[in-house]
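Data block below; observations after.
The values are calculated or read from the model by the stated rules, or taken from the named source; none is laboratory data. Just so we're clear, the structure is a prediction, and the values are computed from it rather than from any experiment. Because the Cβ atoms are built from the backbone with ideal geometry, glycine has one as well, and the counts that use them run over all protein chains shown. Please note that ligands, DNA and RNA were not included when accessible areas were found on the heavy atoms of the full protein model with its side chains. Shrake-Rupley method; radii C 1.70, N 1.55, O 1.52, S 1.80 Å.
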Amino acid sequence: MIELKDVTKRFKLKGDAARKRKTFTAVNELNLSWRRGEFISVVGESGCGKSTLAKMIAGLTEPTEGTMSLNGEPVRLHNQAERVKWARTVQVVPQDPYASLNPVRKVRSSLADAFLYHKLSTRQDLNKKMESLLEHVGLSGRETLDKYPHQLSGGQRQRLVIARALSVDPDFLIADESVSMMDVSLRVGILDYLKQVSRDRDLGLLFITHDFRVARYISITGKIAVMYLGHIVEYGPTEEILTNPMHPYTQSLISAVPLIAGRERRVEEVVPKSFELDNVDETYHGCPFAARCPFAQPDCLEERPVLSETVSQHHVACHYATARKMIVNQ
Ligand SMILES: Nc1ncnc2c1ncn2[C@@H]1O[C@H](COP(=O)(O)OP(=O)(O)O)[C@@H](O)[C@H]1O
Ligand code: SF4
Ligand SMILES: [Mg+2]
């Protein structure tokens, strides 16, 4: 199990951005546990810190504060050898497969690197292993190896980067908005494939998306974490979150998706106030959603609500979620 404890990532700002404030906290004292075989969707609008969270878990960027552990042992990623070792535990499937593939190298050479770098194959076995991996993701092995990325379709490229991530046989896989750039017609196929391969290999799957419909599709038997400005504001089993959202932010997102809100019937419509990211004050310690929340009370500005369990495994970070629920249900 991977556990994040009070993990924070603060970026130092430069240039114009630094005039208003010197730092920006992209992920703020975040706690999360993630087991093998567990599917978690992380949902939130652009800029809420999803990719930063993914990069920290994958060891691609270091947290400013907080700790990460694997099966209770602290994970240290201070040097290259530790990061290489960690890459065999967690892999990321990037959002844009084209940008992550070198356009002037054939698939054979890009894929071989991963195998040889991690010493997962000898040179003699390399072709056989690469072909079998490509076939495993539904690509024709020999033919694909001799192609350049631009000779593959969008769906094939997505499968290729999934294959590359799987080549190191990780225990955990992070898919960062992995279908957001794809045609709707291709999406379902890739999502089904990701689910299948993760189940077959008992992988933990962290699926990052801004789309609740995709989150539902991926983690129907798993969990959803809703992120807002670097915080997880609501977390719990997918069906429970979708049918019974308790945080005003989650309610606003779900009530804006007719397909889910209609089907799940009574999600109260919540319209958040408008808001400028530039106005976020780094010294503020109240509820991160207060500036947009139609239900904010004076104490919301003073005290940050912690993520706590309300009913079975449903966690919410709002001082008034339970009280509002009782009023709505009366
Ligand atoms: N290297 C960086 N320097 C400064 N700010 C950054 C950097 N990377 C990300 N950010 C900021 O952190 C916030 C979260 O970014 P990101 O994790 O990419 O969000 P998401 O993936 O949810 O869209 C954004 O406001 C973004 O502008
Ligand atoms: S704590 Fe207050 S401001 Fe924050 S979401 Fe709840 S009601 Fe709104
Ligand atoms: Mg992102």
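Odds and ends about this structure:
- Annotation note: of K5, K9, K55, the sole residue that is within 16 Å of ligand 3 (Cβ to nearest atom), charged (D, E, K, R), out of contact with any Leu (no Cβ under 6 Å at 6 or more places or on another chain) and in a strand (DSSP E or B) is K9.
- Helices (runs of 4 or more DSSP H) wholly inside the range 88-174 that include at least 2 residues being closer than 21 Å to F39 by Cβ: 154-166
- Filtered residue count, the range 181-192, keeping only those that are farther than 16 Å from L160 by Cα and either among the polar types (S, T, N, Q) or touching a residue at least 60 places away in the same chain (Cβ under 8 Å) (or both): 1
- Note on the range 193-286: enclosed helices (runs of 4 or more DSSP H) holding 2 or more residues that are in the same structural domain as D299 (by TED's automatic domain parsing) and free of Cβ contacts under 8 Å to residues at least 12 places away in the same chain are 258-263.
- The listed residue being polar (S, T, N, Q) and either within 16 Å of ligand 2 (Cβ to nearest atom) or not in a strand (DSSP E or B) (or both), out of T67, T61, T25: T61
- The set of residues in the range 15-36 being among the hydrophobic types (A, V, I, L, M, F, W, C) and either within 16 Å of ligand 3 (Cβ to nearest atom) or touching a helix residue (DSSP H, G or I) at 6+ places or on another chain (Cβ under 7 Å) (or both) consists of F24, A26, V27, L30.
- All positions within the range 183-203 that are in contact with a Pro (Cβ under 9 Å, 6 or more places away or on another chain) and open to solvent by less than 30 Å² (accessible area, probe 1.4 Å): L203
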